[in-house]
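Peer 1: Could you have a look at this structure, given as structure tokens, before my questions?
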Protein chains: 2
Amino acid sequence: MKINEQRLKERFDRINGLAVTDEGGKMRLALNDADKEGRDLLVSWFKEAGMEVTVDDMGSIYGRLPGSDPDALPIALGSHMDTQPNGGPYDGLFGVMAGLEAIVSIKESGADIKSDLILVDWTNEEGARFVPPMLASGVISGQFTREWVYDLKDVDGIRYEDELERTGYKGDEKNRLGDVKAYLEPHIEQGPVLDAEGHQIGIVTGALGITGLDVTIRGEANHAGTTPMAMRKDALAAASDAILKIQANCVEFGEPAVLTNGIINAQPASKNIIPGEVYFSVDLRYHTDEGMAELEKQTIAIIEETCKAYGATVDIKQYWRAKPAHFHETIVGCVEEAASEAGLDAIRIISGAGHDAVFINEVQPVGMIFVPSIKGMSHCPQEDTKWEDIVAGTELTADTILKLDKAEVSR
Amino acid sequence: MKINEQRLKERFDRINGLAVTDEGGKMRLALNDADKEGRDLLVSWFKEAGMEVTVDDMGSIYGRLPGSDPDALPIALGSHMDTQPNGGPYDGLFGVMAGLEAIVSIKESGADIKSDLILVDWTNEEGARFVPPMLASGVISGQFTREWVYDLKDVDGIRYEDELERTGYKGDEKNRLGDVKAYLEPHIEQGPVLDAEGHQIGIVTGALGITGLDVTIRGEANHAGTTPMAMRKDALAAASDAILKIQANCVEFGEPAVLTNGIINAQPASKNIIPGEVYFSVDLRYHTDEGMAELEKQTIAIIEETCKAYGATVDIKQYWRAKPAHFHETIVGCVEEAASEAGLDAIRIISGAGHDAVFINEVQPVGMIFVPSIKGMSHCPQEDTKWEDIVAGTELTADTILKLDKAEVSR
């Protein structure tokens, strides 16, 4: 289905023009003034399209266009308009703009849609202002309690709830997303695969599970000049060896397994003292429950074995665990069929990143559509997607809604 | 020569009792109140022994006992009484107490000594209060300018010169250590070799040279979940591999080569972002100039080659360079002969740590005597040396002075 490319472009430009950093990045931290301005614009566009506007108790905004069958469950679309501190033009915003444009285009086409169509802008997806990410979808899906989120503070000590009130977006619990026939989230890939392999669309089948480990290795701090190499219990040598071995094991384990060591530091952190203690983080992701458990087991065993060889001890604590997400096969199928009928070059893909869709998947039938990120970049001003891919993704969103409206989606 | 063990013990106890931490460590940071009290005691003991007391412009204190030949160059002994923040009982203090006791015992023995005997307490050897270490001996030997040292501030912003004035230890440039026949520094090993191998004395032949490198590796920061292992330019993977390889190369290079990576950190330091940049330090030590140059060359080449294999770039800057020190063979020979005649189990050893003696070696004939450190520990409350080794080291100091007084030491 053709969409109104010019309107879509203008709306992207309006929102992206609200708060631009010196480097050209976007700065709509959740519930800051620019984010509020963007939300006000979205509400005005909902009203312009004849959609009913509601806000829930987490500050998420819903626009709803009635369908022809009052008994049909609604079809929801959504994503987020907040950004990282110096973010790109499409991370989050693409899903909201594509969803809105798809709904408005469908309405303008006069197509008969049985389901109500809902578009959601989730609050604080990025976790950049209020940590952790996906707070609103997290409360809706039972990951966090509302009271815990209300009391979260940003770096300036400002509470989440107070910012909802200040911006006029503290709504009602009864407006939360209820049962839907399907929840569909269009998003940029935030990874290099589609771009590197030259595909235009990713049919997202689920998301990788995540295990996070805090690893602390203890050897023996000693004088850099007076301790012969053979008499050392160097915690950093043990850590370096462990990091190389668990990364190599992950490669051998096979795709889509990924393992990242993002933080490392050595104590006492003196240039002329052999590190007595080293901390490093492990972020481990895989797409099946059994695989996750096995990869985690292997990783821990390799770290322990390596430390032993260096005469060091190790303490490993789990700081995070998220199960792999498996999206609804009927919704995935609707995306795939629609892409195929539109002649798009599409592949099935698993999301390595977290999304509101991953939390909503815990309680509702879910699917996602990815468009390519040039060079896989995101959370930076260089983040970009070809305009033709933005348009293709938006049209595919509309086509998928039409298919979902006709499909039987099991619950 | 027998020394007065009880007097030696009492004097150690007096100084070590001045400022004791909760953990039993010593806390005589350079020129703090406890260090000043220790210095006042030392001055009183100099006077008690009939020694002339002077202070130079860096705050170092000299006690001088006249010899029988006014034309003979003096023989100097020395070390430092300042400690690390939570230091041990003998690091530094051993050399001052052993030197004083040796001089006093020689005087009491009635032996005819031609050279004046000088004992020096060098200011701020540790570099714990005013950074870097060995400031007073560094100025005397031309490593630093006096004005630069005067303006150095501790963490509270207090200037070196102001503390000299406050404590009453700002003396005169003309009192600096002049030409001597020999400078001999007794010290604890601060390493595990003598203790592990069961020797009582280290005849120090010199000190390792040091090259310090700041290494910054730049890869590509990326999303931990969405970037396949094969598409990464992980700066930490490159750093880990480089660290293991340069350490292995150092082991292969052979003793006494040592290589330490004391500091490491990754940027942007987020658990779910692949490190785009990693910094680590390299502290590299060896005993010959040619070997130092070769080991440094190999180390840099390995780091560069490793980074290339990871698609990363690397920037290597030298932050420190100290040439290997070779002590005076006649002085080393006097220590060796005296140890042998006393029936001590002594081996030749190279110091891996820096000492005031290493700087003085740039301008005067120098030697050192090591006593064992139990388990090689230093700069901590657990630092310890068997009392019989302290006594043996002190007696050997006296015996060496007697030999030096008779020896021809070339300049």
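What follows draws every value from the coordinates through simple rules; no lab data is involved. Owing to the predicted nature of the structure, the values given are computational and were not obtained by experimental measurement. Because the Cβ atoms are built from the backbone with ideal geometry, glycine has one as well, and the counts that use them run over all protein chains shown.
Peer 1: Please list, ordered by chain and number, the residues whose modelled amide H lies under 5 Å from the amide H of A:Lys233; skip anything fewer than 5 residues away on the same chain.
Peer 2: A:Glu220
Peer 1: Separate question: Treat each spin label as a single point 7 Å out from the Cα along the C-beta direction, and report the A:Glu329 to A:Ser44 distance in nm.
Peer 2: Computed distance between label sites A:Glu329 and A:Ser44 equals 4.7 nm.
Peer 1: By counting other Cβ atoms within 10 Å of each Cβ, how are B:Lys386, A:Lys271, A:Lys406, B:Lys233 ranked from fewest to most?
Peer 2: Values: B:Lys386 13, A:Lys271 18, A:Lys406 10, B:Lys233 21.
Neighbour counts put them in this order, fewest first: A:Lys406, B:Lys386, A:Lys271, B:Lys233.
Peer 1: Testing the spin-label approximation: label points 7 Å from Cα along Cα→Cβ at B:Arg321 and B:Arg166. State their distance in nm.
Peer 2: Calculated label separation equals 3.8 nm.
Peer 1: Using only alpha carbons, build the gyration tensor for region A:209-322 and give me the equivalent ellipsoid semi-axes, biggest first, whole Å. Don't jump to the answer; show the numbers that get you there.
Peer 2: Details: eigenvalues 166, 33, 22 Å².
In descending order the semi-axes read 29, 13, 10 Å.
Peer 1: To continue, here is another question. What are the distances, in nm and sorted shortest first, from the label point of B:Asp315 to the label points of the same position in each other copy, with each label point placed 7 Å from Cα along the Cα-to-Cβ direction?
Peer 2: 3.6
Peer 1: Quick one: what does P(r) look like for the protein assembly as shown with 20 Å bins over all Cα pairs, in whole %?
Peer 2: 15, 35, 23, 18, 8, 1
Peer 1: Enter the angle in degrees (range 0 to 90, nearest 10) between the Cα long axis of helix A:329-341 and the first principal axis of the Cα atoms of chain A, meaning the one along which they spread out most.
Peer 2: Roughly 70 degrees between the two axes.
Peer 1: In chain B, once you exclude exposed GluC sites (Glu not before Pro) (DSSP loop, at most 16 other Cβ within 10 angstrom), what's the longest stretch remaining? Spell out each step's value before the answer.
Peer 2: On the way: sites that count: B:Glu23, B:Glu362, B:Glu408.
The segment B:24-361 is the longest one with no such site.
Peer 1: Peptides B:112-123, A:370-381: what's the order by average Cβ count within 10 Å, highest mean first? Write down the numbers at each step before the final one.
Peer 2: Numbers: B:112-123: 24.3, A:370-381: 22.5.
The packing order, highest mean first, is B:112-123, A:370-381.
Peer 1: Which residue is it, in chain A, that holds its beta carbon closest to the axis of the A-onto-B rotation, and how many whole angstrom away?
Peer 2: Per the A/B rotation axis, the closest residue of A reads A:Ser240, 2.
Peer 1: Taking only Cα atoms, what is the 0 to 90° angle, nearest 10, from helix B:5-16's long axis to the longest principal axis of chain B?
Peer 2: 50
Peer 1: If you put +1 on each Lys and Arg Cβ and -1 on each Asp and Glu Cβ, how big is the dipole of chain A around its Cα centre, in Debye rounded to 20? Present the calculation step by step, with values, prior to reporting the outcome.
Peer 2: Numbers: 39 positive and 69 negative charges, 165 e Å.
It works out to roughly 800 debye.
Peer 1: Given C-alpha coordinates of chain B, what is the ratio Rg to Rh with the Kirkwood estimate of Rh? Before the final figure, lay out each step's value.
Peer 2: Numbers: Rg = 23.4 Å, Rh = 22.7 Å.
Radius of gyration over Kirkwood radius for chain B works out to 1.03.
Peer 1: Once the dipole of region A:209-322 is set up with Lys and Arg at +1 and Asp and Glu at -1 on Cβ about the Cα centre, which of A:Thr211, A:Thr227, A:Gln247 lies farthest towards its positive end?
Peer 2: A:Thr227
Peer 1: Next up: Just need log10 I(q)/I(0) for region A:1-159 at q = 0.12 Å⁻¹, Debye formula, equal scatterers on the alpha-carbon atoms, no solvent, rounded to two decimals.
Peer 2: -0.53
Peer 1: How far, in nm to one decimal, is B:Asp151 from itself in the other copies if the label point is set 7 angstrom along Cα toward Cβ? Shortest first, please.
Peer 2: The projected label point of B:Asp151 is separated from its counterparts by 5.2 nm.
Peer 1: Now a separate question. Label position 7 Å from Cα toward Cβ: report the copy-to-copy distances for A:Arg411 in nm, one decimal, ordered from shortest.
Peer 2: Sorted ascending, the copy-to-copy spacings read 10.1 nm.
Peer 1: Which FRET efficiency value, to the nearest 0.05, do you get for B:Asp289 and B:Arg411 by plugging their Cβ-Cβ distance into 1/(1 + (r/R0)^6) with R0 = 22 Å? Kindly include the intermediate steps, with their values, before the conclusion.
Peer 2: Numbers: r = 21 Å, r/R0 = 0.97.
After rounding to 0.05, the efficiency reads 0.55.
Peer 1: 222 nm [θ] for chain A, helices only, -39500 (n - 2.57) per DSSP H run of 4+, per residue, to 500? If you can, show how the numbers build up before the last one.
Peer 2: Values: 12 runs with 147 residues, N = 411.
So the helix-based figure for chain A works out to -11000 deg cm²/dmol.
Peer 1: Can you give the average number of partner chain beta-carbon atoms within 10 Å of each beta-carbon in peptide B:343-352, as a whole number? Provide the component values of the computation, followed by the final result.
Peer 2: On the way: counts 0, 0, 0, 0, 0, 0, 1, 2, 2, 7.
That works out to 1 on average.
Peer 1: Moving on to the next point. Using Cα atoms only, what is the angle between the long axis of helix A:235-253 and the major principal axis of chain A, expressed in degrees (0 to 90) to the nearest 10?
Peer 2: Tilt of helix A:235-253: around 50 degrees.
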